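See structure below.
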Amino acid sequence: MTQTMIQRVARPAIVLALAAACRTKGGAAPTRSDAPAAIAYPSHIAAGGVAPRGATLTNPYAGDTAAVTAGAALFTAMNCDGCHGGGATGWVGPSLADGRWRYGGAAGEIFSSIYYGRRQGMPAFGGIMPAAGIWKVVTYLQSLEPPNDVPTESWK
């Protein structure tokens with residue numbers, strides 16, 4: 001039997017095995033309680049007004065002025081200002097000081113963006129930076145006062 005013939009026979013078997021593995025008992029679709037808990041994003045829109053369950057991350061350094069200073073130092077040391085500019089005002093990457101957040105501005109949402117990264121060029125720092133350091137950067141970013149007049153306005 002040639003390798004091409006083996007592949008023709010094996011592919012349907014693999015597809016059937018994967019389909020069977022995706023089903024729950026009785027062939028029903030998984031229920032909400034079967035879904036794994038993930039990070040909750042309160043700023044996202046939920047279909048039908050019902051948000052899926054998820055964990056809420058809490059910043060252990062919220063309001064800590066020493067953490068703001070340490071976070072500012074980490075922001076520079078990790079070269080965040082290389083993309084987001086000095087003072088996080090924006091450069092190649094978006095401003096993190098203008099009060100507008102694509103992926104949510106809550107502490108847990110910012111942490112998640114830094115820890116896991118984002119598709120459009122934000123690298124994941126969770127593999128090289130401890131969570132405590134990321135929380136300090138979050139504390140620094142949330143301490144920045146948005147300007148009274150931002151350079152661009154959103155479309156209405």
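Just so you know, all these numbers are worked out from the coordinates, no wet-lab data involved. Everything quoted here is computed from the prediction, not taken from an experiment. All Cβ positions, even for glycine, are placed from backbone atoms using ideal geometry, and neighbour counts span all protein chains on display.
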Report task. Could you work out how far apart the two model spin labels at HIS44 and TRP91 are, taking each label as a point 7 Å from the Cα in the direction of the beta carbon, and quote it in nm? Result -> 3.1
Query raised in the report: Taking neighbour counts of Cβ atoms within 10 Å as a proxy for exposure, in what order, fewest first, do VAL68, VAL137 appear?
Result: VAL68, VAL137
Report task. Let me know the charge dipole size of the range 65-143 about its Cα centre in debye, to the nearest 20, where only the beta-carbon of Lys, Arg (+1) and Asp, Glu (-1) is charged. Result -> 160
Report task. Kindly write out, for the range 41-54 in residue order, the coupling ³J(HN,Hα) from the Karplus curve 6.51 cos²θ - 1.76 cosθ + 1.60 (θ = phi - 60°), rounded to whole Hz, with x marking Gly and Pro. Result -> 10, x, 7, 7, 8, 9, 4, x, x, 10, 6, x, 5, x
Report summary line: Computed D for the range 65-143, Stokes-Einstein, Kirkwood radius over alpha-carbon pairs, 20 °C, 1.002 mPa s, to the nearest µm² per second, is 175
Requested in this report: Hey, can you grab everything whose amide H is under 5 Å from the amide H of MET122? Only 5+ residues off in sequence or another chain; H modelled, so Pro and N-termini drop out.
Outcome: none
Requested in this report: Order the peptides 92-99, 46-53 from the highest to the lowest mean number of other Cβ atoms within 10 Å of their residues.
Outcome: 92-99, 46-53
Query raised in the report: Each residue of the range 133-139 in order: what ³J(HN,Hα) in whole Hz does its phi give by Karplus 6.51 cos²θ - 1.76 cosθ + 1.60, θ = phi - 60°, with x for Gly and Pro?
Result: x, 5, 4, 5, 5, 4, 4
Report summary line: Amide H contacts under 5 Å for ILE39, restricted to residues at least 5 apart in sequence or on another chain and with H modeled in the peptide plane, are ALA55
Query raised in the report: Can you list the residues, at least 5 places off or on another chain, whose amide H is less than 5 Å from the amide H of ASN59, using H built in the peptide plane?
Result: none
Query - Which of ALA97, ALA124, GLN142, positive extreme of dipole for the range 65-143 (C-beta unit charges) - result: ALA124
